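Enquirer: Input: one structure, supplied below.
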Amino acid sequence: MTPAEAPYQRVAREVADQVRTGRLKPGDALPGAPLLGEQHGVSKATAQKAINLLKAAGVLESVVGVGITVTSKTPPQELSLESLAATLREHEDRIGAVEAAIMDVYATIGRPRPKGGTGTRNDREGRGNGRTDRSAGAAGA
């Protein structure tokens with residue numbers, strides 16, 4: 001562990017290294033946070049934070065009935081909240097472009113947005129168009 005590396009980052013790095021080297025392969029299940037923490041000499045909460053970091057990076061996923069498994073995505077060289085935040089900002093920019101295209105389609109076809117919105121960022125942040133009904137589009141939807 002480097003001096004600036006938090007314990008959860010160390011655990012995440014060690015798990016990511018196991019994925020990179022092939023010791024852990026896509027589909028392999030990881031132990032739960034309590035056992036992972038015990039294996040790495042950290043608390044359950046610290047192990048869970050490492051798991052969450054790797055899930056945010058797309059390296060791990062939760063599979064119902066199986067637990068936490070390795071995905072087919074290669075772990076990034078740098079696993080930190082800052083690097084993931086930068087990636088998130090890039091994706092948000094792309095999402096914004098898709099959201100604008102969705103709204104253009106609704107405008108082009110002359111239909112109101114569906115009740116509950118389109119799942120756009122504006123909808124998630126409560127900044128929709130204020131419509132509460134489906135009006136003309138409801139019957140044909």
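Enquirer: It is to be established whether one or more residues within the range 65-82 are assigned to a strand (DSSP E or B), at pLDDT 85 or above and in contact with a helix residue (DSSP H, G or I) (Cβ under 7 Å, 6 or more places away or on another chain). Don't jump to the end; show me each part of the working.
Expert: The first filter runs over the range 65-82 and keeps only residues assigned to a strand (DSSP E or B), leaving 67-70.
Now narrow it down to the ones that are at pLDDT 85 or above: 67-70.
Still in the list and also in contact with a helix residue (DSSP H, G or I) (Cβ under 7 Å, 6 or more places away or on another chain): 68, 70.
Yes, the range 65-82 contains at least one residue that is assigned to a strand (DSSP E or B), at pLDDT 85 or above and in contact with a helix residue (DSSP H, G or I) (Cβ under 7 Å, 6 or more places away or on another chain).
Enquirer: Another one. Looking at 97, 136, can you tell me which residue is in a helix (DSSP H, G or I), among the small types (Gly, Ala, Ser) and either open to solvent by less than 50 Å² (accessible area, probe 1.4 Å) or at pLDDT 80 or above (or both)? Break it down stepwise before answering.
Expert: Working: 136 fails: either open to solvent by less than 50 Å² (accessible area, probe 1.4 Å) or at pLDDT 80 or above (or both).
Exactly one residue qualifies, and that residue is 97.
Enquirer: Output the residues belonging to the range 1-36 that are part of a helix (DSSP H, G or I) and acidic (Asp, Glu). First the steps, then the outcome.
Expert: Of all residues in the range 1-36, those part of a helix (DSSP H, G or I) come to 7-20, 33-36.
14, 17, listed by residue number.
Enquirer: Among the residues of the range 38-52, is any β-branched (Val, Ile, Thr) and open to solvent by 20 Å² or more (accessible area, probe 1.4 Å)?
Expert: Within the range 38-52 (the criterion being β-branched (Val, Ile, Thr) and open to solvent by 20 Å² or more (accessible area, probe 1.4 Å)), the answer is yes, since at least one residue qualifies.
Enquirer: Between a residue in the range 22-38 that is farther than 17 Å from residue 10 by Cα and any residue that is open to solvent by 80 Å² or more (accessible area, probe 1.4 Å) and assigned to a loop (DSSP other than H, G, I, E, B), which pairs come within a Cβ distance under 6 Å, given they are 6 or more apart or on different chains?
Expert: Filtered contacts from the range 22-38: 26/72; 29/66.
Enquirer: Can we say residue 19 is among the hydrophobic types (A, V, I, L, M, F, W, C) and either open to solvent by less than 30 Å² (accessible area, probe 1.4 Å) or within 17 Å of the chain's Cα centre (by Cα) (or both)?
Expert: Considered against the rule, which asks whether it is among the hydrophobic types (A, V, I, L, M, F, W, C) and either open to solvent by less than 30 Å² (accessible area, probe 1.4 Å) or within 17 Å of the chain's Cα centre (by Cα) (or both), residue 19 comes out as yes.
Enquirer: Of all residues in the range 37-53, count the ones that are hydroxyl-bearing (Ser, Thr, Tyr) and either in contact with a strand residue (DSSP E or B) (Cβ under 9 Å, 6 or more places away or on another chain) or not in a helix (DSSP H, G or I) (or both).
Expert: The total comes to 1.
The values are calculated or read from the model by the stated rules, or taken from the named source; none is laboratory data. Keep in mind the model is a prediction, meaning the values are calculated, not measured. Glycine gets a Cβ as well: all are built from the backbone with ideal geometry, and neighbour counts include every protein chain shown. Please note that ligands, DNA and RNA were not included when accessible areas were found on the heavy atoms of the full protein model with its side chains. Shrake-Rupley method; radii C 1.70, N 1.55, O 1.52, S 1.80 Å.
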